[in-house]
Amino acid sequence: MKSYKDLSKEELLQLQAALEAEYEDAKSKGLNLDMSRGKPAASQFDMEMDIMDVLNSSSDYKTAAGMDCRNYGLVDGIPEAKKLMADMMGVANADNVIVCGNASLSIMYDTISRSMTHGVLGSTPWCKLGKVKFLCPAPGYDRHFSVTEHFGIEMITVPMTPQGPDMDIVEKLVSEDEAVKGIWCVPKYSNPQGYSYSEETVKRFAALKPAAKDFRIFWDNAYVVHHLYEEKQDHILDILAECEKAGNPHIVYEFCSTSKVSFAGAGIAAIASSKENLDDMRKSMTMQTIGYDKINQLRHVRYFKDFDGIEAHMKKHAQIIRPKFEAVLKVLECELSGLEIAQWTEPKGGYFISFEALNGCAKKIVAKCKEAGVVLTGAGATFPYGKDPGDSNIRLAPTFPTPEELRAATDLFVLCVKLVSVEMLLAQQA
Ligand code: PLP
């Protein structure tokens, strides 16, 4: 296909008229589709409903060690759930894991909240400091940025590369500025690009020399087992082990959940860190709760049994999700490649595709899609404060709609990309 950048003004005007007619036609179809959030589809849940049958009124509710899960106790989570989550995260020792409630985002929020009010391992509470800053590799996960914004933490954007955040910038900022207290990371199949951090990136994280002794890496391993393919999979180093080796054992908190393994918002979530960090956390946690939902922990352990069980289960999820990713990627490839108006990632896992439009086009594309009945993630959401400096990034979330809906939504999306790009190129020629 001929690049839009090589088209004359006349050709662009002609194309614009044709695309506008197509758009009016699409609008008249009255679509009502949602590609905005990375939610699992109902078919994924339908496939795993038997998890609800592993515990019933005649089940034995005791852990292997004889603890009754119906009663208070074991604030750390049941030992077999700690082991399951440790294995899922690739953490060698289950003692380094606490299994909490239903959402890893709550653990991240609580961790920031606790650092604000009580400090980190005896350091000054962040709320008593003049300024607290967080590094935010972007495009990134919007809810991470919302949490830090909520606490008035200043966010500094760090560019992402296919190997992870730009580590030259990370190292410089972390080592020079004592106000930098943390960094958000999604190290595997990142949200939204699907990038996985290289070995070098993980090692450089582990070897950071922060100016602030209470600096922590927030390692959100949300997509650790979320491969799309059996033969093409990414593997990342165990950050806890690397930090230990680098003599930095307290520098990282790792988070993970089964929200997209079992039920979204009704799975189990965990944190992994050094014993000292976990002890610090326990001091507040035991004020918050006498214990999390051990029955759900037991349900997950009985259902998955072990890490092999999780891996086998994730293959079933991949069978449902993979064709959706492939359908979207095929439309993007057929309709947009060679036009020089867009780029996009081709993830091997995770829940998103990251799309780069021409600068200044993302908001208009998202608005045009909405006008014709397709809701996308708000443009800018993938950047701190919702402000994408290039106004170019759009997060595509292919998992929730049905394949038919996806086709219709992606067709409309590429039409809007073309139309808005032509408008932009014409404006540049004017
Ligand atoms: N972390 C990342 C990177 C995510 O993309 C999501 C959900 O989309 C979450 C965390 C939320 O996880 P949870 O349901 O465990 O709070």
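Results, tabulated for the structure shown:
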quantity	calculated
Residues satisfying the stated conditions in segment 231-250, i.e. charged (D, E, K, R) and either at pLDDT below 95 or touching a Cys at 6+ places or on another chain (Cβ under 7 Å) (or both)	Glu231, Lys232
Hits in segment 148-207 (condition: within 23 Å of Ser104 (Cα to Cα), small (Gly, Ala, Ser) and in a helix (DSSP H, G or I))	Ala206
Tally, over segment 364-380, of residues that are on the phi > 0 side of the Ramachandran plot and open to solvent by 10 Å² or more (accessible area, probe 1.4 Å)	1
Residue check for Gly119: open to solvent by 70 Å² or more (accessible area, probe 1.4 Å), of a type outside the set (D, E, K, R) and over 20 Å from the mean Cα position of the chain (by Cα)	no
Spans of helices (runs of 4 or more DSSP H) in segment 17-122 with at least 3 residues within 16 Å of the ligand (Cβ to nearest atom) and either farther than 30 Å from Lys133 by Cα or among the hydroxyl-bearing types (Ser, Thr, Tyr) (or both)	79-89, 104-118
Count of residues meeting criterion [touching a helix residue (DSSP H, G or I) at 6+ places or on another chain (Cβ under 7 Å) and touching a residue at least 24 places away in the same chain (Cβ under 8 Å)] in segment 121-142	7
Among the candidates Asp25, Asp60, Asp6, Asp46, residue that is of a type outside the set (S, T, N, Q) and under 15 Å from Arg299 (Cα atoms)	Asp60
Candidate set: segment 213-250, residues that are more than 24 Å from Phe307 (Cβ to Cβ) and in contact (Cβ under 8 Å) with a residue 60 or more places away in the chain; chosen: the one nearest to the ligand (Cβ to nearest atom)	Arg216
Condition met for Gly338 (within 16 Å of the ligand (Cβ to nearest atom), loosely packed, with under 14 Cβ neighbours inside 10 Å and not basic (Lys, Arg))	no
Test: Leu329 is under 30 Å from Phe134 (Cα atoms), over 19 Å from the mean Cα position of the chain (by Cα) and outside the structural domain of Ser123 (by TED's automatic domain parsing)	no
Helices (runs of 4 or more DSSP H) (entirely within segment 209-316) containing at least 2 residues that are touching a Gly at 6+ places or on another chain (Cβ under 9 Å) and open to solvent by less than 20 Å² (accessible area, probe 1.4 Å)	294-304
Selection from segment 153-201 of residues that are away from the ligand (no atom under 16 Å from the Cβ), among the charged types (D, E, K, R) and touching a Ser or Thr at 6+ places or on another chain (Cβ under 8 Å)	Lys181
Among residues of segment 238-257, those that are closer than 30 Å to Val54 by Cα and out of contact with any Leu (no Cβ under 9 Å at 6 or more places or on another chain), counted	1
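Residue-wise test of (1) modelled with pLDDT under 95; (2) farther than 23 Å from Asp25 by Cα; (3) outside any helix (DSSP H, G or I); (4) among the β-branched types (Val, Ile, Thr).
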site	(1), (2), (3), (4)
Ile320	no, yes, no, yes
Phe325	no, yes, no, no
Val331	no, no, no, yes
Glu335	no, no, no, no
Gly338	no, yes, yes, no
Asn359	no, yes, yes, no
Lys368	no, no, no, no
Asp388	no, yes, yes, no
Asp391	no, yes, yes, no
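The values are calculated or read from the model by the stated rules, or taken from the named source; none is laboratory data. None of the values given here were measured: they were computed from a predicted structure. Every residue, glycine as well, gets a Cβ built from its backbone with ideal geometry; the counts of neighbours run over all protein chains shown. Areas reflect the complete protein model, heavy atoms only, side chains present, ligands, DNA and RNA absent. Shrake-Rupley method; radii C 1.70, N 1.55, O 1.52, S 1.80 Å.
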